Amino acid sequence: MDFYRSKTYIEDLIATSQDVTDIKSLRGSSILITGCTGTIGSWIADTLLLYNEINAADMKIILAGRRIDRMKAHFEKCPTASPVYAHFDLGKAPEWNFPVDYIIHAAGNAHPAAFNGDPCGTITGNIMGTWNLLKYGLDHGCKRFLYISTGEVYGQGDLSLESFEETYGGYVDPTSPRSSYPNSKRAAETLCASFTAQYGMETVIVRPSHTYGPCVTATDSRANVQFLKNGFDGNDIVMKSAGTQERSYTYVADCASAALTVLLKGKKGSAYNSAVPEARATIAGFARAVAEVSGTKVVFADPTAADLANRTPIAKQVLSSVKTESLGWKGRYDVRTGVSHTLRIWRESVL
């Protein structure tokens with residue numbers, strides 16, 4: 001798909017930059033982004049590239065990843081964007097030697113099939129990748145380091161709570177291979193806070209809730225991605241469970257504006273949630289929203305062995321937005337609007 005052909009995609013990127021508190025302070029900066037072929041990283045990169053173009057902001061956008069060909073396949077479809085590409089393997093120290101003002105680290109396994117299939121790689125990637133980038137930033141004048149973590153760090157929480165604040169900590173089973181994801185994310189967060197405490201480096205953390213949007217990989221096994229793909233193809237939305245688990249669902253534009261606001265305004269060494277109060281729903285509720293927008297219906301099917309293996313033990317993951325909103329940020333997309341925009345962007349990108 002060529003997202004740059006989509007009017008909705010461009011409008012939503014512009015809206016993202018407008019929702020970032022103090023984005024003008026990035027003028028003239030160099031910004032390195034990892035994970036820029038993923039849902040969140042790609043949206044952050046496109047937001048900054050478009051903002052730079054429209055406002056002549058003199059920013060140097062560096063996109064770092066293991067597969068430069070995959071990055072170019074997305075970003076070179078935009079004829080006016082001019083990012084710099086840099087090779088980066090999570091398990092190895094970067095071989096670059098350029099200064100950078102900001103680092104946004106969004107790389108790593110981020111869907112159940114990936115971290116269930118490679119739990120050891122998930123652990124080493126999250127921890128060593130973060131270490132390598134923190135060390136590089138410390139040695140090359142990085143002003144601020146933003147780590148894209150996950151709402152899964154809250155684990156299996158107290159169902160009686162309205163939502164989870166940043167100080168909350170629930171149970172994560174350390175003997176489950178699936179815990180490779182939340183536990184290594186927890187460790188990477190602690191690593192960020194430790195660089196702040198020990199070296200004075202300014203690090204901040206954002207914890208996205210269940211984030212969705214147009215840029216997904218072919219292998220993404222998340223349920224919300226499968227629902228959206230079904231709806232786009234005009235197929236029924238297939239549920240493999242009752243879907244009673246409650247979630248904060250965040251359209252990627254809101255997640256990106258929250259993350260960039262945290263980068264610029266967050267207190268160093270602190271974590272902030274990315275969630276929108278109006279966008280909480282059960283898994284079944286999200287499926288119904290996709291069905292309503294796409295004109296299909298929700299049907300139920302027996303789960304496969306792979307479905308059962310990828311299933312999360314977390315019954316509730318509703319995140320508080322109070323701390324992030326105190327920075328001057330506010331989300332704008334409820335579930336139905338975010339789903340509608342995602343499907344519209346896909347339609348506009350293939351015309």
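Below are the figures for this structure:
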quantity	calculated
Size of charge dipole - segment 184-317 - debye, nearest 20, with Cβ of Lys, Arg +1 and Asp, Glu -1, no other charges	400 debye
Scaled radius of gyration (Cα, divided by 2.2 N^0.38 Å) that segment 27-161 gives	1.12
Gaussian network model of the chain, springs between alpha carbon atoms under 10 Å - residue of Pro174, Pro182, Pro119 with greatest fluctuation	Pro174
Pairwise label distance in nanometres, Glu76 with Ala187, each label 7 Å out on the Cα-Cβ vector	3.7 nm
For the chain, diffusion coefficient by Stokes-Einstein and Kirkwood Rh (Cα), 37 °C, 0.692 mPa s, µm²/s	162 µm²/s
Mean-position separation - Cα centroids, segment 273-291 and segment 179-251, in angstrom	13 Å
Positive-end residue, the chain charge dipole about Cα centroid, Cβ charges, pick of Gly91, Ser209, Ser340	Gly91
Cα-Cα over 26 Å, subset of Lys77/Lys229; Lys24/Lys330; Lys135/Lys185; Lys60/Lys135; Lys229/Lys323; Lys240/Lys330	Lys229/Lys323; Lys240/Lys330
Relative contact order, percent, segment 53-162 [alpha-carbon distance under 8 Å, six or more residues apart]	27 percent
Evaluated at q = 0.12 Å⁻¹: base-10 log I(q)/I(0), Debye formula over Cα of segment 171-263	-0.57
Within-13-Å neighbourhood charge of Val299 [Cβ basis; K, R +1; D, E -1]	+1
Computed magnitude of the charge dipole of the chain (debye, nearest 20; Cβ of K, R +1, Cβ of D, E -1)	160 debye
His87, His140 arranged by Cβ crowding within 10 Å, fewest neighbours leading	His87, His140
Alpha-carbon centroid distance for the pair segment 299-349 / segment 51-101, whole angstrom	27 Å
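Just so you know, all these numbers are worked out from the coordinates, no wet-lab data involved. Predicted model, so just to flag it, every value in this text is computed and none were measured. Every residue, glycine among them, receives a Cβ derived from its backbone with ideal geometry; neighbour counts consider all protein chains shown.
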